[in-house]
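Enquirer: Structure below; questions to follow.
The values are calculated or read from the model by the stated rules, or taken from the named source; none is laboratory data. Small disclaimer: the values here were computed from a predicted structure and weren't measured. Don't worry about glycine lacking a Cβ; one is built from the backbone with ideal geometry, like all the others, and counts go over all protein chains shown. Just so you know, the surface numbers come from the protein's heavy atoms only, side chains and all, with ligands and any DNA or RNA stripped out. Shrake-Rupley method; radii C 1.70, N 1.55, O 1.52, S 1.80 Å.
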Amino acid sequence: MATVVVGGFFGDEGKGKIISYLALKDDVDVAVRGGVGPNAGHTTVYRGVKGKVRMLPSAFVNERTRLMIGAGVLVNPEVLLQEIERFGVKDRFMLDPNCCIIERRHVELDRRGHLKDVIGTTGTGTGPANADRVLRKARLARDVPELEEYLGDVAFEVNRAIDEGKRVLVEGTQGTYLSLYHGTYPYVTSKDVTASAICSDVGIGPKKVGEVVVVFKAYVTRVGGGPLDGELGEEEVRRRGWVEFGTVTGRMRRVAPFNFGLAKRAVMLNSATQVALTKLDVLYPECRGVREFEGLSERAKEFVERVEEELGVPVTLIGTGEESMDIVDRRPTS
Ligand code: GTP
Ligand code: IMP
Ligand code: MG
């Protein structure tokens, strides 16, 4: 059965870090990325080395893991080929021939007018490319000669790996409230990004999913336009030490305290079986680097317990630092 990891707020919950931990700790065989495309940015820190990916699965940190991108995902060939080169994953990477290609004109369209000025998109061309895809006038990965050596039947490989009992991780991008269907329309991305959609992107049905991990940060951030309940002023964000900048756009992220209502609804929309909570150490600095639940301070434990109580789902993974392995892992089997 596959494990699906998705974001519970507005993206940038720290999925990259949680996925890199799972890839290493569970020695994942296959990691496959769903979601929109290179509008996403994930940061991993493993053995002191920072890795930023926009196209590759964040599970790349495990050198044994096979890396795939599902048919639903949009590909910018330039970004993808650079990442394959930079991370040296040529021999363990596979791209679905049905992935749709982002062209230069898509990027140009995304960087002006309504999309830039009103929605505040990432400007990476994903919205216009998905529009062309729906109009059925987009090019696919199978039409791009430079990508040919990586093409393979990702849906088939993923299903086979699951059927053989291999460990399969399905990586979502963005976050629940950026979903075109369930998010804060029109301030959303160009597709649904809840767990069901991510499964559809890679070609697995709901019966192939064992665990759904929804990732929340200990506070909420958002980049671009749209509502953000409880949004803090810049001065207050600085005072609390919650300042963040976007991986893809470099924009300063807007910030609000943890939102229990949104989190509860995200658990429902994704049918979460587990919750991962990142950056607990940013809220409670005394927790930095702690890897056992007992080692957390009382106030930090109380916060985790309140999250569990209100959401009705166990908080199994808790982030306490930048490094992939800075995690309190409360899963029963570990
Ligand atoms: P996703 O898009 O959800 O993957 O998040 P992101 O990777 O875009 O977030 P960002 O680019 O802001 O990177 C997150 C940074 O925070 C990375 O450097 C991570 O190593 C770091 N990080 C993740 N989880 C934790 C945590 O629990 N504590 C601390 N201190 N840092 C963390
Ligand atoms: P688009 O996906 O580039 O069209 O952008 C639409 C909205 O989603 C904008 O508010 C973006 O800032 C936001 N967005 C898209 N991808 C991400 C992401 O990976 N992290 C955070 N925000 C994102
Ligand atoms: Mg991100």
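Enquirer: Starting from residues that are surrounded by 23 or more Cβ atoms within 10 Å (Cβ to Cβ) and touching a residue at least 40 places away in the same chain (Cβ under 8 Å), keep the ones in the range 47-59 and report whichever is farthest from ligand 3 (Cβ to nearest atom).
Expert: 59
Enquirer: So if I check each of 134, 118, which one is within 13 Å of ligand 2 (Cβ to nearest atom) and surrounded by fewer than 17 Cβ atoms within 10 Å (Cβ to Cβ)?
Expert: 118
Enquirer: While we're on this one: Give the residues of the range 189-240 that are in contact with a Ser or Thr (Cβ under 6 Å, 6 or more places away or on another chain) and crowded, with 18+ Cβ neighbours inside 10 Å, sorted by residue number.
Expert: Correct list: 190, 192, 193, 194, 212, 217, 226.
Enquirer: When only residues in the range 79-115 that are open to solvent by 80 Å² or more (accessible area, probe 1.4 Å) and among the basic types (Lys, Arg) count, which is farthest from residue 186 (Cα to Cα)?
Expert: Per the criteria, the residue is 90.
Enquirer: I would also like to ask the following. Within the range 292-305, identify whether any single residue is in a loop (DSSP other than H, G, I, E, B) and surrounded by fewer than 19 Cβ atoms within 10 Å (Cβ to Cβ), and answer yes or no.
Expert: yes
Enquirer: Sticking with this one: Can you say whether residue 185 is part of a loop (DSSP other than H, G, I, E, B) and at pLDDT 95 or above, as far as the supplied structure shows?
Expert: When the stated conditions are applied, residue 185 passes them.
Enquirer: State which residue is farthest from the chain's Cα centre (by Cα) when the search covers only the range 304-334 and only residues that are hydrophobic (A, V, I, L, M, F, W, C) and within 13 Å of ligand 1 (Cβ to nearest atom).
Expert: 304
Enquirer: In the range 16-34, which residues are in contact with a helix residue (DSSP H, G or I) (Cβ under 7 Å, 6 or more places away or on another chain) and either near ligand 1 (Cβ under 10 Å from one of its atoms) or open to solvent by 10 Å² or more (accessible area, probe 1.4 Å) (or both)?
Expert: 16, 19, 20, 24, 29
Enquirer: Quick one: residue 77 ticks every box in (1) away from ligand 2 (no atom under 16 Å from the Cβ); (2) under 24 Å from residue 210 (Cα atoms) bar one, so which box is it?
Expert: Every listed condition holds for residue 77 apart from (2).
Enquirer: Let me ask you something else. If you check 44, 3, which single one turns out to be in contact (Cβ under 8 Å) with a residue 40 or more places away in the chain, surrounded by fewer than 22 Cβ atoms within 10 Å (Cβ to Cβ) and of a type in the set (S, T, N, Q)?
Expert: 3
Enquirer: Please state which one of 333, 320 is open to solvent by 30 Å² or more (accessible area, probe 1.4 Å), of a type in the set (Val, Ile, Thr) and under 26 Å from residue 42 (Cβ atoms).
Expert: Testing whether each residue is open to solvent by 30 Å² or more (accessible area, probe 1.4 Å), of a type in the set (Val, Ile, Thr) and under 26 Å from residue 42 (Cβ atoms) leaves just 333.
Enquirer: Can you work out which of the residues in the range 241-268 that are β-branched (Val, Ile, Thr) and out of contact with any Ser or Thr (no Cβ under 7 Å at 6 or more places or on another chain) is least open to solvent (accessible area, probe 1.4 Å)?
Expert: Checking each candidate, the answer is 267.
Enquirer: Let me ask something else. Does residue 83 satisfy the criteria of being within 13 Å of ligand 2 (Cβ to nearest atom), modelled with pLDDT of 95 or more, out of contact with any Asp or Glu (no Cβ under 6 Å at 6 or more places or on another chain) and acidic (Asp, Glu)?
Expert: No; evaluated as a whole, the condition is false for this residue.
Enquirer: Looking at 267, 215, 202, can you tell me which residue is within 30 Å of residue 159 (Cα to Cα), within 16 Å of ligand 3 (Cβ to nearest atom) and at pLDDT 95 or above?
Expert: None of the other options fit; the residue is 215.
Enquirer: Could you run through the range 222-253 and say how many residues are basic (Lys, Arg), outside any loop (DSSP other than H, G, I, E, B) and either within 12 Å of ligand 3 (Cβ to nearest atom) or closer than 24 Å to residue 116 by Cβ (or both)?
Expert: Within the range 222-253, residues that are basic (Lys, Arg), outside any loop (DSSP other than H, G, I, E, B) and either within 12 Å of ligand 3 (Cβ to nearest atom) or closer than 24 Å to residue 116 by Cβ (or both) number 1.
Enquirer: Go through the range 137-168 and give me each residue that's surrounded by 13 or more Cβ atoms within 10 Å (Cβ to Cβ) and farther than 22 Å from residue 205 by Cβ.
Expert: Correct list: 138, 139, 140, 141, 142, 144, 147, 150, 151.
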